[in-house]
Amino acid sequence: MDCHTKVHRASQLSEHVRICHVQPMEASQDVFVCLWEGCKVFNKASCSHSWLSKHINTHTGDKPFKCMISGCSQSFSSQEGLARHVPTHFNEPKPPKRQKADNEATRKVFKKRRLKLIRPRVPPEPGT
């Protein structure tokens, strides 16, 4: 796609791409493709208009989905990203994992090795 439109904000770019590039696909065909050069799904067919509309936000940098939690200024390019983020405000922080002291870890290794050395070998029973 060879488009030279100039915009000043990500939201303007998203709007331009939707109106000038995505909507014409909707009117003319049942297949939708991302025509953003360098995209990992460049020119690969999708039957979902809504997928392509959301996908272009990854290219334009538009993040229209704002966190509604007071004091949080994060925003996301998809509703799914926002939905994953919001619960993080309500989860209690996990306590840090306890670091084992070097000597404690070493003791466990030696203890395991000693058990293996001490364990008697049982000879196979005759006839098996």
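Quick note: the coordinates plus some simple rules give every number you see, no bench work behind them. Quantities reported herein were computed from a predicted structural model and do not represent experimental measurements. Note that each Cβ is placed from the backbone with ideal geometry, even for glycine, and that neighbours are counted across all protein chains shown.
Details
- In nm, spacing of pseudo-spin labels at Lys40 and Gln74 (7 Å Cα→C-beta vector): 2.1
- Close amide H partners of Cys34, meaning residues 5 or more places away or on another chain with modelled amide H under 5 Å apart, are Asn43, Lys44.
- Spacing of the two label points (7 Å from each Cα toward its C-beta) at Cys47 and Asp30, in nm: 0.7
- Estimated distance in nm for a label pair at Arg98 and His8, the labels positioned 7 Å out from Cα along Cα-to-Cβ: 5.9
- Ordering Cys47, Cys20 by the number of other Cβ atoms within 10 Å of each residue's own Cβ, fewest first, gives Cys47, Cys20.
- Exposure proxy shown here: for Ser73, Ser48, Ser14, Ser53, the number of other Cβ atoms within 10 Å sets the order, fewest to most, as Ser73, Ser48, Ser53, Ser14.
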